[in-house]
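The values are calculated or read from the model by the stated rules, or taken from the named source; none is laboratory data. Everything quoted here is computed from the prediction, not taken from an experiment. Cβ: placed from backbone, ideal geometry, glycine included. Neighbour counts: every protein chain shown. For accessibility, only protein heavy atoms count, side chains too; no ligands or nucleic acids. Shrake-Rupley method; radii C 1.70, N 1.55, O 1.52, S 1.80 Å.
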Amino acid sequence: MKLVNAAAELHIPGNVPVQNALSRTTALCIAAHQDDIEIMAYGPISECYDRSDKWFTGVIVTDGGGSPRSGVYADYTDEDMKRIRANEQKSAADIGGYSAQFLLAYKSGEVKAADNRTLIDELKNVIIRCAPETVYTHNLADKHDTHVAVALNVIRALREIPAEQRPKKVMSLEVWRALDWLCDEDKTVFDTSGHPNIAAALLGVHDSQIIGGKRYDLAAIGRRLANATFFASHDVDDSDSLTFGLDITELVNSDMSPAEYIGKYIDNFKNDVGKRIAALSL
């Protein structure tokens, strides 16, 4: 499969023909940066792990340049970091048993550019070739501009695909802002308690980010544990590790603006807080 950028790669774990790896995909995660997939999408990764009927494929949109770095990585150039981060992502795909891993190698500024037809068309091509049951991407309330830009480009790409070829579900997931603030009835809950050794390994392989100055491995596992413990105040925990998502299928299949769509859920949260305070006011 031909990719647009010269530095782009398609990594296929195992000795599998490209078309077979793509066509068997059931879960497709499109994320901004190397390690975002492993932080936000462990639910679908673990659901597909070591299965013959479910397969996870990852797409990383940016090239990994410009990331913060310290320690042994402090003097590494952007080109060094791009190479290292690409290799780390491919290692994660191998560890997680992904069906395929795309590295599209766009600059962050290109992702945030208005109406980047090249990127939108490439995302459309990837989605059509993989034909997944579910697409996962970043959530619209994320506070990282590149994450939100990726989500918006995914929505644009999906809307341009004929309705009969679109995935059944499109889910948005949490990285640079958790989704625990969503009202419980608005949350999609993913059990991330399975294969804890694989969960740790998938995060730990991104050494350039962890040793380079950000303990994403501890933070991501900690958030999952906190989600499980604080999810239901009056019930015993069914799982010790959860992540949350927001279903945006309706948004993709409509002409509603993304801001209006996420605004509905922000309003639900605001109203829930207001009603609770009003009911308990002394």
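Ligands, DNA and RNA left out, the accessible area of the stretch 149-280 computed with a 1.4 Å probe is 56% carbon and sulfur. Over all Cα atoms in the stretch 54-130, the spread is summed up by Rg and Dmax: 14.3, 42 Å.
Taking every protein chain into account, the accessible area of the stretch 30-161 amounts to 35 square angstrom per residue (probe 1.4 Å). Using only the C-alpha atoms, the convex hull of the chain corresponds to 142 Å³ per residue.
Stokes-Einstein diffusion of the stretch 64-203 at 4 °C, 1.567 mPa s viscosity, Kirkwood radius from Cα pairs, rounded to a whole number: 75 µm²/s. Taken one residue at a time, the phi angles of the stretch 177-192 give Karplus couplings (6.51, -1.76, 1.60, θ = phi - 60°) of 3, 5, 10, 5, 6, 4, 4, 4, 5, 9, 7, 9, 9, 10, 6, 10 Hz. Gly and Pro are set to x. With 21 Å as the limit on Cα-Cα distance, the pairs of Lys2/Lys107; Lys82/Lys143; Lys2/Lys112 that go past it are Lys82/Lys143; Lys2/Lys112. Amide H contacts under 5 Å for His138: Ala151, Leu173, restricted to partners 5 or more places along the chain or on a different chain, H placed in the peptide plane at 1.01 Å from N.
Take the Cα of Ser254, go 7 Å toward its beta carbon, and none of the backbone nitrogen atoms of the stretch 160-175 fall under 13 Å from that spot. What's the long-distance tail for the stretch 127-181, i.e. % of Cα pairs beyond 13 Å? Result: 58 percent of Cα pairs exceed 13 Å. Applied to the stretch 12-29, the Karplus parametrisation 6.51 cos²θ - 1.76 cosθ + 1.60 on θ = phi - 60° returns per-residue 3J(HN,Hα) values of 10, x, x, 8, 10, x, 4, 4, 5, 4, 6, 5, 8, 4, 10, 10, 10, 10 Hz, with x for Gly and Pro. Be a star and scan the stretch 87-109 for residues whose amide nitrogen sits under 14 Å from the point 7 Å along the Cα-to-Cβ vector of Arg51. The answer is 97-99, whose backbone nitrogens lie closer than 14 Å to the label point. Backbone geometry of the stretch 39-52 corresponds, through the Karplus equation with coefficients 6.51, -1.76 and 1.60 at θ = phi - 60°, to 3J(HN,Hα) couplings of 6, 9, 10, 5, x, x, 4, 5, 5, 8, 4, 6, 10, 9 Hz, x marking Gly and Pro.
How would you rank 209-217, 67-75, 123-131, highest first, on the average number of other Cβ atoms within 10 Å across their residues?
On the way: 209-217: 18.0, 67-75: 13.2, 123-131: 19.6.
My ranking of the peptides, most packed first, is 123-131, 209-217, 67-75.
Values of log10 I(q)/I(0) for the stretch 14-61 across q = 0.18, 0.26, 0.27 Å⁻¹ run -0.56, -1.02, -1.06, by the Debye formula with one identical scatterer at each alpha carbon and no solvent.
Remark: spin-label model distance Val18-Ala226 equals 4.2 nm, labels positioned 7 Å along the Cα→Cβ axis. Using a 1.4 Å probe over the heavy atoms of the protein chains, calculate the carbon and sulfur portion of the accessible area of the stretch 1-133 as a whole percent. Accessible surface attributable to carbon and sulfur in the stretch 1-133 totals 48 percent. Legend: P(r) of the stretch 167-282 from all alpha carbon pair distances, 10 Å bins from 0, whole percents, reading 11, 34, 32, 20, 3, 0.
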